[in-house]
Every structure is written in C-alpha cells, then in structure tokens.
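The values are calculated or read from the model by the stated rules, or taken from the named source; none is laboratory data. Worth saying up front: this structure is predicted, and the values here are computed from it rather than measured. As a convention, Cβ positions derive from the backbone with ideal geometry for all residues, glycine included, and neighbour counts pool all protein chains shown.
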Amino acid sequence: MNLPIVIALLVAAYLLGSIPTALWVGRRFFGLDIREHGSGNAGATNTFRVLGKKPGSVVMAIDVLKGWAATMMATVMLNQGAIQPDQLLYFQLACGVLAVVGHIYPIFAQFRGGKGVATVLGMMLAIAPATVGVCILVFLVMLFIFRYVSLASMSAGVAFALLQLLPAFRPDNVLLLYFGFILAALLIYTHRANIGRLRAGNESRVPLFGRK
C-alpha cells in the first residue's frame, strides 16, 4: 500500500464532500444563507423548498456528483498501485463515507451542512448502479404518491438494504450488504426530526406538476 497516496486521496474525498453547494448557490445568486430559511438545512431538499426547482436541481446534481467523484478516488488509488484489487470496495466505501461526512460537517461552512442523501446517492451509484437504479424508482414513486422528500429518501434507503437480500442484487462482498443496512439506519437517524413532523402531520410537501 502506498500510504501517502491513500491518505491524500482520503483527505481529498472529505474536502470534495465539504463543498457546501446549497450555501454557495444561495449566497452567490440569491444573497441569502440557505441555513437561515426553510428547514435550516444546507441541502438540495431545502434548496428546492426555498429557492425553487432550478437552483434545487443544480444543487442536487452537484451533490450527487460529489459523492460519485469521491468514491471513484478509490479507483485512482488502484490505478496508481496504491491499493490491491481486493481492497477496492473497502476504499470505495471509505472515500464515499468521508464525502458524506464532509457534506454533513463541511469544513468550508462551519461544519453545518446537509443530511447527505444526494451525496450518498452518488456514492452508491459508483458502487452498485443497478441497485441504486431501482432505489431511484422507489424514491420517485414515493415522492409522487406522498410528496414528502424525507419519506421518499428513507424509503429508498431501506429499499437499497432489502434489495441486496435478493439473488439478483446480492453483492459479491458481504460487507456491502451490511453497509446497506447501516446506511438505511443512518438515513432514518438523520431524518428523525422529519419523522417527528410526519407523525405530527406538519412535514412540508413538495408540489408536483402544480399540485398543492
């Protein structure tokens, strides 16, 4: 293992995840701190809620890209001979998790970031694209039916974990199976405030096609 390369790219994964997309878009184009509006969250969902569809779409796309690009740094490690092929998944998960941590606790934004859903999506797209494709469908169906982004996100996370129990989606490395359930639990934990609002009936809905 080439430790200097590995450490440098792990740090780079965290710094990439730390790019506060929602915060920078809000300040640059709207002159506001997104964390002081809506849910107070510096993520794509709150950007959709406060700034609208176009800024929200841009923020979501970049946050997904952050997770994907950070996870792909493990492939760079492999190509540089810094890690062995059988270590690839471990470092994909390490780079992806560091990007998610960076998104939630960004060094460039006083460690006040988003919930990491879009960054997790990008991370898992780099590792298990077929499984994530089904989860995206689950997300869209839940969002269309209920119009709660939080509920759709949690449903997609749980779907990812459960899908891997099926032969068609079962990963070669059991670590990814375990990680899927940990990921689902973390998504539920980070949405605990949303769960409270859902139970109280005052969670914000997302309008679709002009629906209120």
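Annotations for the structure displayed:
- Qualifying residue in the range 21-36 (condition: within 29 Å of residue 90 (Cβ to Cβ), of a type in the set (Val, Ile, Thr) and in a helix (DSSP H, G or I)): yes
- Qualifying residue in the range 4-16 (condition: within 18 Å of residue 193 (Cβ to Cβ) and not aromatic (Phe, Trp, Tyr)): no
- Residues of the range 45-93 classified as of a type in the set (A, V, I, L, M, F, W, C) and outside any helix (DSSP H, G or I), total: 2
- So residue 101, is it over 18 Å from residue 15 (Cβ atoms) and not small (Gly, Ala, Ser): no
- Filter pass, residue 18 being closer than 18 Å to residue 122 by Cβ and within 13 Å of the chain's Cα centre (by Cα): yes
So that you can scan it fast, the table gives a plain yes or no per residue for (1) crowded, with 21+ Cβ neighbours inside 10 Å; (2) in contact with a helix residue (DSSP H, G or I) (Cβ under 8 Å, 6 or more places away or on another chain); (3) within 22 Å of residue 132 (Cα to Cα):
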residue: 5; (1), (2), (3): no, yes, no
residue: 10; (1), (2), (3): no, yes, no
residue: 39; (1), (2), (3): no, yes, no
residue: 52; (1), (2), (3): no, no, no
residue: 62; (1), (2), (3): no, yes, yes
residue: 65; (1), (2), (3): no, yes, yes
residue: 74; (1), (2), (3): yes, yes, yes
residue: 79; (1), (2), (3): no, no, no
residue: 83; (1), (2), (3): yes, yes, no
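- Where helices (runs of 4 or more DSSP H) sit wholly within the range 94-212, none has at least 2 residues that are touching a Pro at 6+ places or on another chain (Cβ under 6 Å) and surrounded by fewer than 22 Cβ atoms within 10 Å (Cβ to Cβ).
- Screening the range 12-37 for residues that are surrounded by fewer than 19 Cβ atoms within 10 Å (Cβ to Cβ) and in contact (Cβ under 8 Å) with a residue 40 or more places away in the chain and picking the one that is nearest to residue 84 (Cα to Cα) gives 12.
- Of all the numbered requirements in (1) closer than 30 Å to residue 172 by Cβ; (2) at pLDDT below 95; (3) charged (D, E, K, R), residue 66 misses one, and that requirement is (2).
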